[in-house]
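For reference, the structure is listed below as structure tokens.
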Amino acid sequence: MIELHQFPPAFGLPNPSPFCMKVEGLLRLAGLPYVTVVEDDPRRAPLGKLPWLLVDGRAIADSSVIVGFLRQEYGFDAEDCLDARTRAEHRAFIAMLEDRVYWAGMYLRWIDTNNWPLVRETFFARLPLPLRGLVPRLARAKVRRDLKGQGLGLHDGAFIIDTAMRDWQALSEYLGQRPYFGGDTPVLLDVVALSMLANGLRGVVRSPLRDHLMADGRLMAYAQRGLQRVYGVSLN
């Protein structure tokens, strides 16, 4: 049996972490049985981050590594319907989503002064005093350092949001009129995109980026269709 170690659900989504949603989505597409083990402290994970899998005593960490593990161990290739050129295109879009768009979402949750109080309440309200005051400050400081190390955090909020808008517009144009990036079948890029979209649309965060996504009828229809098929959840 596969154990999926991840954060607890939030915002009416399987997970508030796009990477946790990514891995759970892959397990669901593969039809593999699994149990969820909820963890609140990623520092206890093998690489200090969630999600990770425990399979027959083996720990498999990092969502990209898990993609390869599912292919090698279970024969599940989430891109087996794609040709080499399309796989290359999808790889570039996945890098865009995971290495840049994701960080725009982190900025909006953890740094933006309008959203931070609501996010803090969502994630840390149940902590006992004095941890309720200390842990959010430490977590926010770490995100701020990570954002600056990534590069986006060196810019102001307007630049970060505009960059993410352009990225989502590019993805929307690439999707075109197809039901999924794999055509009639969700593929790896779909799982990544749906995880990011869901976390951008649901929850307490409000921003011009969210308004931009909601105004894109193509992306909204795609999100509704894909989240229902892969995760069995609705945006409503």
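The values are calculated or read from the model by the stated rules, or taken from the named source; none is laboratory data. Keep in mind that what you see is a predicted model, and the values were worked out from it rather than measured. Note that we place each Cβ from the backbone using ideal geometry, even for glycine, and neighbour counts take in every protein chain shown. The accessibility values were calculated without ligands, DNA or RNA, using every heavy atom of the protein model including side chains. Shrake-Rupley method; radii C 1.70, N 1.55, O 1.52, S 1.80 Å.
What number of residues within the range 93-107 satisfy the criterion of being in contact with a Gly (Cβ under 8 Å, 6 or more places away or on another chain) and within 15 Å of residue 141 (Cα to Cα)? Quick ask: steps written out before the conclusion?
Of the residues in the range 93-107, the ones in contact with a Gly (Cβ under 8 Å, 6 or more places away or on another chain) are 103, 105, 107.
Within this subset, residues satisfying the condition of being within 15 Å of residue 141 (Cα to Cα) are 103, 107.
Residues meeting the conditions: 2.
Consider only pairs whose beta carbons are under 8 Å apart and that are at least six residues apart or on different chains; among these, list those whose first residue lies in the range 119-130 and is closer than 22 Å to residue 13 by Cα and modelled with pLDDT of 90 or more and whose second residue is β-branched (Val, Ile, Thr) and in a helix (DSSP H, G or I).
Between residues of the range 119-130 that are closer than 22 Å to residue 13 by Cα and modelled with pLDDT of 90 or more and residues that are β-branched (Val, Ile, Thr) and in a helix (DSSP H, G or I), the close pairs are 124/135; 127/135.
Could you please tell me which pairs satisfy a Cβ distance under 8 Å, a separation of 6+ or placement on different chains, a first residue in the range 160-182 that is closer than 14 Å to residue 220 by Cβ and touching a residue at least 60 places away in the same chain (Cβ under 8 Å), and a second residue that is open to solvent by 10 Å² or more (accessible area, probe 1.4 Å) and assigned to a loop (DSSP other than H, G, I, E, B)?
Final answer for the pair search is 168/216.
Given the structure, is residue 87 closer than 17 Å to residue 167 by Cα, free of Cβ contacts under 8 Å to residues at least 24 places away in the same chain, open to solvent by 50 Å² or more (accessible area, probe 1.4 Å) and assigned to a helix (DSSP H, G or I)? Spell out the reasoning first.
Details: closer than 17 Å to residue 167 by Cα: no; free of Cβ contacts under 8 Å to residues at least 24 places away in the same chain: yes; open to solvent by 50 Å² or more (accessible area, probe 1.4 Å): yes; assigned to a helix (DSSP H, G or I): yes.
It is false that residue 87 is closer than 17 Å to residue 167 by Cα, free of Cβ contacts under 8 Å to residues at least 24 places away in the same chain, open to solvent by 50 Å² or more (accessible area, probe 1.4 Å) and assigned to a helix (DSSP H, G or I).
Being open to solvent by less than 60 Å² (accessible area, probe 1.4 Å), within 13 Å of the chain's Cα centre (by Cα) and either among the acidic types (Asp, Glu) or farther than 24 Å from residue 135 by Cβ (or both): is that true of residue 24 here?
Values: open to solvent by less than 60 Å² (accessible area, probe 1.4 Å): yes; within 13 Å of the chain's Cα centre (by Cα): yes; either among the acidic types (Asp, Glu) or farther than 24 Å from residue 135 by Cβ (or both): yes.
It is true that residue 24 is open to solvent by less than 60 Å² (accessible area, probe 1.4 Å), within 13 Å of the chain's Cα centre (by Cα) and either among the acidic types (Asp, Glu) or farther than 24 Å from residue 135 by Cβ (or both).
Restrict the check to the range 52-69 and report whether at least one residue is under 20 Å from residue 200 (Cα atoms), at pLDDT 95 or above, of a type outside the set (Lys, Arg) and open to solvent by less than 30 Å² (accessible area, probe 1.4 Å).
Of the range 52-69, the ones under 20 Å from residue 200 (Cα atoms) are 63.
Those still in the list that are at pLDDT 95 or above too: 63.
Now narrow it down to the ones that are of a type outside the set (Lys, Arg): 63.
From what is left, the residues that are open to solvent by less than 30 Å² (accessible area, probe 1.4 Å) are 63.
Yes, the range 52-69 has at least one match.
Do the conditions hold for residue 157, that is, is it of a type outside the set (Ser, Thr, Tyr), modelled with pLDDT of 95 or more, over 23 Å from residue 232 (Cα atoms) and open to solvent by 50 Å² or more (accessible area, probe 1.4 Å)?
It is false that residue 157 is of a type outside the set (Ser, Thr, Tyr), modelled with pLDDT of 95 or more, over 23 Å from residue 232 (Cα atoms) and open to solvent by 50 Å² or more (accessible area, probe 1.4 Å).
With the requirement that a residue be loosely packed, with under 15 Cβ neighbours inside 10 Å and touching a helix residue (DSSP H, G or I) at 6+ places or on another chain (Cβ under 9 Å), what does the range 123-132 give you?
Looking only at the range 123-132, we keep the residues that are loosely packed, with under 15 Cβ neighbours inside 10 Å, and these are 125-132.
Within the range 123-132, 125, 126, 127, 131, 132 meet the criteria.
Consider residue 110 carefully, then state whether it is more than 21 Å from residue 51 (Cα to Cα) and open to solvent by less than 60 Å² (accessible area, probe 1.4 Å).
On the way: more than 21 Å from residue 51 (Cα to Cα): no; open to solvent by less than 60 Å² (accessible area, probe 1.4 Å): yes.
So residue 110 does not fit the description; no.
Looking at 219, 197, 147, which one is free of Cβ contacts under 8 Å to residues at least 40 places away in the same chain and touching a helix residue (DSSP H, G or I) at 6+ places or on another chain (Cβ under 7 Å)? Break it down into steps so the answer makes sense when it comes.
Details: 219 fails: free of Cβ contacts under 8 Å to residues at least 40 places away in the same chain; 147 fails: free of Cβ contacts under 8 Å to residues at least 40 places away in the same chain.
197 is the lone residue from the list that is free of Cβ contacts under 8 Å to residues at least 40 places away in the same chain and touching a helix residue (DSSP H, G or I) at 6+ places or on another chain (Cβ under 7 Å).
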